[in-house]
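Just so you know, all these numbers are worked out from the coordinates, no wet-lab data involved. Keep in mind the model is a prediction, meaning the values are calculated, not measured. Cβ atoms come from the backbone with ideal geometry, glycine included; neighbour counts cover every protein chain shown.
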Amino acid sequence: MIRFLLICLGGAIGTGARYLTALWAAAAFGTAFPFGTLIVNVVGSFLLAMIVQISSATEMISADVRLMLTTGIMGGFTTYSTFNYETTNYFREGAWLLGIANAGVTIFGCLAAGIAGLAFARLIVGR
């Protein structure tokens, strides 16, 4: 039951952070492109990779905290379902270049962020 509550708490934190990031991105960059979704997907990919690497290479993060951070916070923070909806919306509207740009930047940006997260975690823990 404790793990369930930790995941729920983490999900609330992640969802709130995602919402605040989307508001900030819309104010900073406008709404013509889903920068908020892009930001949370890239940052979420980096953080998830870093958390998993640190928790599997060391005992710095307990199993319960790892679950809260990964399934809870990162699960609430990242928005691939929103990414899919926004990208297919571009295609439905005939904005093929924006749809392809959104898909390409998100996919390759998240892959690069995940690799960077692993490398950064290895720098921190030495493995």
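State yes or no: is residue 116 of a type in the set (Gly, Ala, Ser), surrounded by fewer than 16 Cβ atoms within 10 Å (Cβ to Cβ), out of contact with any strand residue (DSSP E or B) (no Cβ under 7 Å at 6 or more places or on another chain) and in contact (Cβ under 8 Å) with a residue 12 or more places away in the chain?
When the stated conditions are applied, residue 116 passes them.
On inspection, residue 65 qualifies as out of contact with any Phe, Trp or Tyr (no Cβ under 6 Å at 6 or more places or on another chain), of a type in the set (A, V, I, L, M) and without any contact (Cβ under 8 Å) to a residue 60 or more places away in the chain.
Counting only helices (runs of 4 or more DSSP H) wholly contained in the range 1-107, the ones carrying 3 or more residues that are β-branched (Val, Ile, Thr) and surrounded by 15 or more Cβ atoms within 10 Å (Cβ to Cβ) occupy 2-29, 35-57. Which of the residues spanning the range 90-111 are out of contact with any helix residue (DSSP H, G or I) (no Cβ under 8 Å at 6 or more places or on another chain) and of a type in the set (A, V, I, L, M, F, W, C)? Scanning the range 90-111 gives 95, 97, 100, 101, 107, 108.
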